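The values are calculated or read from the model by the stated rules, or taken from the named source; none is laboratory data. Because the structure is a prediction, the values reported are computed rather than measured. Glycine gets a Cβ as well: all are built from the backbone with ideal geometry, and neighbour counts include every protein chain shown.
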Ligand code: BJW
């Protein structure tokens with residue numbers, strides 16, 4: 001195995017599945033009983049913010065209880081024991097990467113434990129309920145807080161930084177994402193174009209499969225720790 005210097009790890013809902021969290025597009029998916037357009041779009045939030053807040057307040061309770069699994073912990077090990085710049089670009093709004101003590105985490109689709117004030121841009125960090133009566137603790141405006149979740153039609157967070165990481169990485173790992181949602185779905189293409197070796201860890205082959213050099217099929221909680229151990233072992237062989 002090569003020795004890598006700059007590694008980007010893209011994660012999706014599948015990395016949290018073994019922590020008991022539902023993915024989005026499985027049969028019992030996260031949006032079960034809810035229409036995507038009602039709870040995950042700018043228009044849905046504008047139409048009925050109270051409904052959207054209720055949805056995310058409920059999800060927040062569930063995510064707060066979840067614990068990181070072996071896949072999150074494998075990233076911790078890699079970041080501790082492998083001498084490279086290793087960034088975690090996550091589409092997940094849960095905080096399992098933080099709970100596993102991963103470093104250099106970029107939540108491109110937002111975070112469940114944050115709300116953003118649409119009046120002044122202040123980010124409120126809380127696991128408590130947020131709603132249409134919440135007052136911003138910076139500008140004191142009431143009713144302008146939005147869950148800090150990137151809805152369809154909104155720009156992603158940290159994209160300038162992420163673009164730089166993608167164009168300079170020599171290893172790109174995609175873990176537990178269906179590759180359906182853009183622009184995250186195109187990150188592998190960018191990384192590959194700029195010369196990175198690309199790996200996909202998933203239960204199944206995704207629609208993005210032609211951009212991956214290697215597919216590692218199976219639950220990430222098993223496949224990723226084995227892969228990380230091999231990477232660390234390869235250091236002593238070089
Ligand atoms: C395991 C496993 C185990 C299970 N081990 N694996 C270009 C072309 C077409 C459309 C667009 C485009 N560019 C932009 C768009 C529009 C849109 C889009 O992508 N639409 C598509 C649906 C076609 N994108 C946007 O609007 C984005 N914004 C944007 O592009 O801004 C610029 C712009 C603005 C205005 C106009 C045009 C452009 C924003 C996207 C925001 C996504 N937000 C969400 C929801 C947040 C709300 C919520 O939390 O409820 O983020 S969508 C949802 O999907 C969530 C996720 O982060 C995201 C990705 O899902 P993920 O993580 O891949 O989960 P799943 O369930 O799909 O897959 C899980 C995978 O894990 C599966 O493959 C399993 O097999 C696997 N797995 N267990 C390993 N144990």
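Quick one: is residue 172 within 16 Å of the ligand (Cβ to nearest atom) and assigned to a strand (DSSP E or B)?
It is true that residue 172 is within 16 Å of the ligand (Cβ to nearest atom) and assigned to a strand (DSSP E or B).
Report the residue count in the stretch 175-199 for those that are in a helix (DSSP H, G or I), more than 16 Å from the chain's Cα centre (by Cα) and surrounded by fewer than 21 Cβ atoms within 10 Å (Cβ to Cβ).
4
Would you list the helices (runs of 4 or more DSSP H) that sit entirely within the stretch 1-60 and hold 1 or more residues that are near the ligand (Cβ under 8 Å from one of its atoms)?
Passing ranges, in order: 14-17, 36-39.
Given (1) modelled with pLDDT of 95 or more; (2) buried (at least 18 other Cβ atoms within 10 Å of the Cβ), where does residue 206 come up short, assuming only one miss?
(1)
Whether any residue in the stretch 158-166 is surrounded by 15 or more Cβ atoms within 10 Å (Cβ to Cβ), touching a helix residue (DSSP H, G or I) at 6+ places or on another chain (Cβ under 9 Å) and closer than 19 Å to residue 47 by Cβ is what I want to check.
No, every residue in the stretch 158-166 fails to be surrounded by 15 or more Cβ atoms within 10 Å (Cβ to Cβ), touching a helix residue (DSSP H, G or I) at 6+ places or on another chain (Cβ under 9 Å) and closer than 19 Å to residue 47 by Cβ.
For (1) over 21 Å from residue 179 (Cβ atoms); (2) crowded, with 18+ Cβ neighbours inside 10 Å; (3) in contact with a helix residue (DSSP H, G or I) (Cβ under 6 Å, 6 or more places away or on another chain), each residue gets a yes or a no:
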site: 35; (1), (2), (3): yes, no, no
site: 47; (1), (2), (3): yes, no, no
site: 68; (1), (2), (3): yes, yes, yes
site: 71; (1), (2), (3): no, yes, yes
site: 88; (1), (2), (3): no, yes, yes
site: 91; (1), (2), (3): no, yes, yes
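When residue 76 is evaluated against the numbered criteria (1) without any contact (Cβ under 8 Å) to a residue 40 or more places away in the chain; (2) closer than 24 Å to residue 203 by Cα; (3) surrounded by 20 or more Cβ atoms within 10 Å (Cβ to Cβ); (4) out of contact with any strand residue (DSSP E or B) (no Cβ under 6 Å at 6 or more places or on another chain), which criterion, by number, is the only one it fails?
Residue 76 satisfies every listed condition except (3).
Could you check the stretch 93-115 and list, in sequence order, the residues that are surrounded by fewer than 16 Cβ atoms within 10 Å (Cβ to Cβ) and farther than 21 Å from residue 148 by Cα?
Within the stretch 93-115, just 101 meets the criteria.
Considering only the stretch 134-169, state which residues are part of a helix (DSSP H, G or I), touching a residue at least 40 places away in the same chain (Cβ under 8 Å) and within 14 Å of the ligand (Cβ to nearest atom).
Correct list: 159, 162.
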